[in-house]
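Written out below as structure tokens is the structure these notes cover.
The values are calculated or read from the model by the stated rules, or taken from the named source; none is laboratory data. Computed from a predicted model, the values in this text were never measured in an experiment. Every residue, glycine as well, gets a Cβ built from its backbone with ideal geometry; the counts of neighbours run over all protein chains shown.
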Amino acid sequence: MPRTAKPAPQRRAEILDTAQRLFITRGYQSTSVEDILTQIGIAKGTLYYHFSSKEEILRALIARIADGIAERAGAIAAGPEPAVRKFLAIMSAARVDEPELALAEELHAPNNAEFHVLTIVETVRRLTPILTGVVEQGVAEGVFSTEHPRETIEILLTSAGMLLDEGIFTGEGQEIPRRTAGLVHAAETLLGCEPGALAPIAARRPTTGRRPTGSAEEVS
């Protein structure tokens, strides 16, 4: 059967979708480039036109997940709500669902540690400028009083991404409520807002069937 030519963006998305499905069902380490080629029915040169390796494909998938989180966060930040409400909404919305959820679970495997950490890094990179803008809005509104909005957000997102990730602190799920409460207290202190202003974050519980990607979304 002759191969079908597709526009580059469509072919790239097809490669990513197929690779994601295989990484989930077979595991990242057990999936080869040949497996991806066979599933799609394309030549090796077609795949290498878009991606230089299996590792680059996974990095692109991680970036796509982080982009989705940032898109939702950006839409909230652009709204008319007060800064505190935006801050809480972004923290709540920064989560993943299937099939990205299953891929996030695969990245928690010990032999995928490099890419697991990359999910945290990429999410922090994308959320930092968005939440910095929200904090600056809060300073203008008089509800936040920090002179270092960006640095504060970087500290909070990175801390949450590490401390609340059970893939990093294996077997310490019982510590999540305590750490969450501590991070909320730290956020209120660093942002200079009224005690209890961010309490709704600590009051939330993980939703069944959903798992954070490894960054600030874990405090929701």
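Structure data summary
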{"quantity": "Hits in segment 166-183 (condition: in contact with a Pro (Cβ under 9 Å, 6 or more places away or on another chain) and under 26 Å from Thr132 (Cα atoms))", "calculated": "Ile176"}
{"quantity": "Scan of segment 102-127 for residues that are surrounded by fewer than 21 Cβ atoms within 10 Å (Cβ to Cβ) and either polar (S, T, N, Q) or assigned to a loop (DSSP other than H, G, I, E, B) (or both), ordered by number", "calculated": "His108, Ala109, Asn111, Asn112"}
{"quantity": "Residue among Asp165, Asp97 that is at pLDDT below 85 and crowded, with 21+ Cβ neighbours inside 10 Å", "calculated": "Asp165"}
{"quantity": "Residues of segment 70-122 classified as of a type in the set (Lys, Arg) and within 12 Å of the chain's Cα centre (by Cα), total", "calculated": "2"}
{"quantity": "Residue check for Ala89: in contact with a Gly (Cβ under 9 Å, 6 or more places away or on another chain), without any contact (Cβ under 8 Å) to a residue 60 or more places away in the chain and part of a helix (DSSP H, G or I)", "calculated": "yes"}
{"quantity": "Residue within segment 45-65 that is of a type in the set (Phe, Trp, Tyr), more than 21 Å from the chain's Cα centre (by Cα) and buried (at least 17 other Cβ atoms within 10 Å of the Cβ) present", "calculated": "yes"}
{"quantity": "Any chance Thr213 is of a type in the set (Val, Ile, Thr), touching a helix residue (DSSP H, G or I) at 6+ places or on another chain (Cβ under 6 Å), under 30 Å from Glu55 (Cα atoms) and modelled with pLDDT under 90", "calculated": "yes"}
{"quantity": "Those helices (runs of 4 or more DSSP H) lying entirely in segment 1-59 with at least 3 residues outside the structural domain of Ala104 (by TED's automatic domain parsing) and either hydrophobic (A, V, I, L, M, F, W, C) or in contact with a Phe, Trp or Tyr (Cβ under 7 Å, 6 or more places away or on another chain) (or both)", "calculated": "8-26, 33-40"}
{"quantity": "Meets criteria (among the basic types (Lys, Arg) and within 27 Å of Ala78 (Cα to Cα)) for Arg126", "calculated": "yes"}
{"quantity": "Residue under evaluation Glu218, criteria (1) at pLDDT 80 or above; (2) buried (at least 19 other Cβ atoms within 10 Å of the Cβ); (3) not in a loop (DSSP other than H, G, I, E, B), criterion not met", "calculated": "(1)"}
